[in-house]
Amino acid sequence: MEGPLTAAAFVVVTVLLVARSARRKARTDAAARPKSAPCPRCRAPVPARATFCPACGVPQQAFEIVKATRAAEAPKETGPLHAIVRTDVCVGCGTCVAACPEPGAIVLKDKVATVDRAICVGHGKCAEACPVSAIVLTRGAAVQRVEVPDLDSGFESSVPGLYVVGELGGRGLIKNAINEGKIAVERIARDLRERGARLRLAPANAATVDSGPEPLDLVVVGSGPAGLSAGLEAHRAGLRYAVLEQGTLADSIRRYPRHKLLLAEPVRVPLYGDLWVDDASKEELLRVWEEIIARTRLNLLTGRRVEGVESRGGLFHVTAGGETFRARRVVLALGRRGTPRRLGVPGEELPKVFYDIVEMEQFKGSRMLVVGGGDSAVESALGLANQPGTEVTLSYRGDALARVKDRNRAKLDAAIARGAVRAHFKSQVREIRADAVVLEATGGTRPLPNDYVVIRIGGDPPYQFLQRIGVRIVPKEIALSEPQGASVA
């Protein structure tokens, strides 16, 4: 009798243990199962790690920076040192990859240096080699660190009614910029409607805007992808608006720090439809923008450089090009590089001229001239010199580099010594031609065969402008566990 009872008891106990184990596993699986979060644009549930909102279709990468944790609030961890990359600074030159003795510890992924923490041992060779100081060592979990305006999910800044979109918000991606401009103006139009603001469409063929006694609903500053998208959404929504550009539309496109432009998937532009840029030049993108503006009669005012933005009496007063525009809301789409200083020489308007570059591998095998004597010029020259087959010349009007960090000076001296960079001190560019630059130096003036010119002689940094008008700048960290979207132009 004991045998059957014992066997039965064993079976019962086994069943109970298996059932308890199954319940425990179910709870563990449920806890580990990705949770959904509301879409910042439409509030529909978005599964964790989803690329697009299933309801409104907006890429969730557009909100990656605004939802990121502030660096000061990021959880502190102990453990071995490892490298982290500031993706807002990384130029994709690959110098760190060549310097790292641990294969695979740091690689270029989507044109940005990416650290594999499982391989990285924290020796710091990559940080020492990085020409733009984009890599630091830490014990924390972050893999990306950025300094950005403090924005909410609608891209409104710490100044109520003032929005920041595009590169200035932390990412220089065309698809993000277009989405951010649209999302910000959707919020503005909804807010103005709720407040009972009177909306009317500005005359489609207006050459100027009379802000007069009746303020504009919106002023958009900048005519890059974010600014144009914001203006088109304002036009579609029937807002009374103006898009201000300090130069011309061609200037805003020409200042792009990229040689080629690429969208991995089409992005929807207000009043236009799907925009797909596949390995296109800046000139091709310019033709698309011109077509969009002509078709929609966007109220774009060129030659209006913004000198100041002031919130007074419930309205913003935007001073630009000798005029003052009063508006209920302002969208800043200035770009992260601000207004670069120019050489003022013939040929500077050619498409071969850049004032910054963020994807150095696109210039491999080219003959490059970098102009300037500060850290940014030296860093650009060093990054370009790391590209296979690239010939790099540095031109500086002074007789020595007196304003650069010691580490940059040492790296440049080493690059000159091994022939990776040729330096021409006491030299000035007199003319830029399609296949050459005319350089004046000791001994006379001569043409130098050349494919591209990078001018790094300073400018007006946009973050100082933001801080003057009260926009708070904060450090943020993007955790390793967060999904990393493809980094495209």
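Read the figures in this text as sums done on the coordinates, not as results from a lab. Quick caveat, the model's predicted, so the values are computed rather than measured. Cβ atoms come from the backbone with ideal geometry, glycine included; neighbour counts cover every protein chain shown.
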* **Charged-residue dipole, Cβ positions (Lys, Arg, Asp, Glu), the range 76-140 about Cα centre, Debye nearest 20** => 80 debye
* Cα gyration tensor shape for the range 344-459, rounded if a/c is under 1.5, else prolate or oblate -> rounded
* Asked: With contacts defined as alpha carbon pairs under 8 Å and 6 or more residues apart, what's the relative contact order of the range 76-140 in percent?
  -> 48 percent
* Pairs Lys175/Lys411; Lys35/Lys111; Lys175/Lys405; Lys182/Lys352; Lys175/Lys352: which exceed 28 Å Cα-Cα? -> Lys175/Lys411; Lys35/Lys111; Lys175/Lys405; Lys182/Lys352
* Asked: So, in Å, what gap is there between the alpha-carbon centers of the range 97-129 and the range 407-448?
  -> 31 Å
* With label points built 7 Å along Cα→Cβ from the Cα atoms of Asp460 and Phe52, find their separation and express it in nm. => 4.0 nm
* Asked: Taking neighbour counts of Cβ atoms within 10 Å as a proxy for exposure, in what order, fewest first, do Val243, Val220, Val309 appear?
  -> Val309, Val243, Val220
* Full extension from Glu291 to Glu147: what is 0.36 nm times the residue separation minus their Cα-Cα distance, to one decimal in nm? -> 48.3 nm
* Report, by chain and number, residues whose modeled amide H sits under 5 Å from the one on Val136, excluding near sequence neighbours (fewer than 5 apart, same chain). => Ile84, Arg86
* Structure fact -> Ranked on Cβ counts within 10 Å of their own Cβ, fewest leading, Thr302, Thr445 go Thr445, Thr302
